[in-house]
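Below is one structure, written out as structure tokens; the observations come after it.
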Amino acid sequence: MVMNSLGIYEKALPKNLSWHDRLELVHKLGFNFLELSIDESDERLARLDWTRQQRTEVRDAIWSTGTRIHTIMLSGHRRFPLGSYDEKTRKLSVQMLYKAVDLAVDLGVRNIQMAGYDVYYDKKSVTSREYFVEDLKKCVAYAASHEVMLDIEIMDDPFLNSIEKVVNMKKEIHSPWLQAYPDLGNINAWPENDIGSDLENNIDAIAAIHLKDTLPVTNGFAGQFKNVPFGKGTVDFNGCLKELKRLNYNGAYTIEMWSETSDNPIEQVKEAKKFFDDIFVNVGIEQEAI
């Protein structure tokens, strides 16, 4: 019987741990894998230039703990976007993706989650969209040549805020190595989306799924896309996971949280794990054995 794997985002865990201790903790907490973060900070962007010795340390920790790293979350593109108006930034953005693919190959990582921003800190336009598509084509070609999947996350940003929009992007870039990485919270937060239909109509494009709660965008409120405690937002996790079970979704789920700097991140992660364990049981999803 096929079972779903459940992972935890790196930023949910205490920050200052060795790779062995971090992955061992993931195992002890009952998760199948870790999602590694390469965000827009200089500290985590430096991971793209890890030495052979540093890569060996992480790979050895994976083997010794039995805890996989399924995904690299490359959110550093928010700072250096593919659709930037600055040519140097666009070249750097593409190079970041190439380096992430090389790192994924060295670590045995299957997927790179891309932040679906044309630009984040600049004004959006048709020009920024065209730059994004142009550079995304280069990224997909490089990833495909290394057999690494690129997954565009459904974002806290109107540019790519539904699976349907990613599917439309796939019509412009024809490749099995470009898929969608839905964040249930982000889809749910946009009032124009029908999350049930978005999942059902586009199930064939889903490579992995983020579990995160949110508060929706309204006329007077920009929404809350981070740090909403599970069960305190408006995502119907029971309904969404029941639907995904019916659709025979067999991919991975990742709990996304940012508790690494909190007073007791481990307890927060345990509470989140229990929250989803109960829903999994209720809808009939079986987690891969630890």
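Could you tell me the center-to-center distance, by alpha carbons, between segment 44-75 and segment 91-168 in angstrom?
Their Cα centres are 20 Å away from one another.
Of Ala205, Ser93, Tyr117, which is farthest on the positive side of the dipole of the chain, counting Cα position, with +1 on Lys and Arg Cβ, -1 on Asp and Glu Cβ, and the Cα centre as origin?
With unit charges placed on the Cβ atoms, the residue in question is Ser93.
What is the magnitude of the charge dipole of segment 158-199 about its Cα centre, with +1 placed on the Cβ of each Lys and Arg, -1 on the Cβ of each Asp and Glu, and no other charges, expressed in debye to the nearest 20?
180 debye
Could you work out which residue, out of Leu23, Leu150, Leu45, moves most in a Gaussian network model of the chain, that is, has the largest mean-square fluctuation with Cα springs under 10 Å?
Leu45
Excluding Val133 itself, what net charge comes from residues whose Cβ is under 9 Å from its Cβ, given Lys and Arg +1 and Asp and Glu -1?
-3
Using a simple spin-label model with points 7 Å from Cα along the Cα→Cβ vector, what separation in nm is obtained for Tyr85 and His27?
Placing both labels 7 Å along Cα→Cβ, they lie 5.1 nm apart.
Using a 1.4 Å probe and ignoring any ligands, DNA or RNA, find the accessible area of Lys242 and quote it in Å² to the nearest 10.
It works out to around 120 Å².
To the nearest 10 square angstrom, how much accessible area does Met155 have with a 1.4 angstrom probe?
10 Å²
Would you mind computing the Rg to Rh ratio of segment 134-230 from its alpha-carbon coordinates, Kirkwood style for Rh?
Rg divided by Rh gives 1.01.
Which of Val167, Val126, Val26 moves most in a GNM of the chain, Cα contacts under 10 Å?
Val126
Can you tell me what percent of all Cα-Cα pairs in the chain are more than 27 Å apart?
37 percent
Highest mean first, how do 250-258, 170-178, 183-191, 130-138 rank when packing is the count of other Cβ atoms within 10 Å averaged over residues?
183-191, 250-258, 130-138, 170-178
In 10 Å bins starting at zero, report the fraction of Cα pairs in segment 44-129 per bin as a rounded %.
Computed distribution, short to long bins: 17, 44, 24, 12, 3.
How much of the accessible area of segment 3-285, probe 1.4 Å, is carbon plus sulfur, in whole percent?
Accessible surface attributable to carbon and sulfur in segment 3-285 totals 49 percent.
Along the charge dipole of the chain, which of Asn188, Ser162, His174 sits closest to the positive end, that is, farthest toward it, with unit charges on the beta carbon of Lys, Arg, Asp and Glu (+1, +1, -1, -1)?
His174
Go through segment 27-90 and name the chymotrypsin sites (Phe, Trp or Tyr not before Pro) that are in a DSSP coil and have 13 or fewer other Cβ atoms within 10 Å of their Cβ.
none
Given R₀ = 25 Å, FRET efficiency for Asp102-Ala141 by Cβ-Cβ distance, to 0.05?
0.95
Note the full-extension length gain between Thr127 and Asp278 as 0.36 nm times their separation in residues minus their Cα-Cα distance, in nm to one decimal.
49.7 nm
For segment 3-285, what is the accessible area per residue in Å² when the probe is 1.4 Å?
44 Å²
The values are calculated or read from the model by the stated rules, or taken from the named source; none is laboratory data. Just so we're clear, the structure is a prediction, and the values are computed from it rather than from any experiment. A quick note on method: Cβ atoms are made from the backbone with ideal geometry, for glycine too, and the neighbour counts reach across all protein chains shown. In case anyone asks, the SASA skips ligands and DNA or RNA and just uses the protein heavy atoms, side chains included. Shrake-Rupley method; radii C 1.70, N 1.55, O 1.52, S 1.80 Å.
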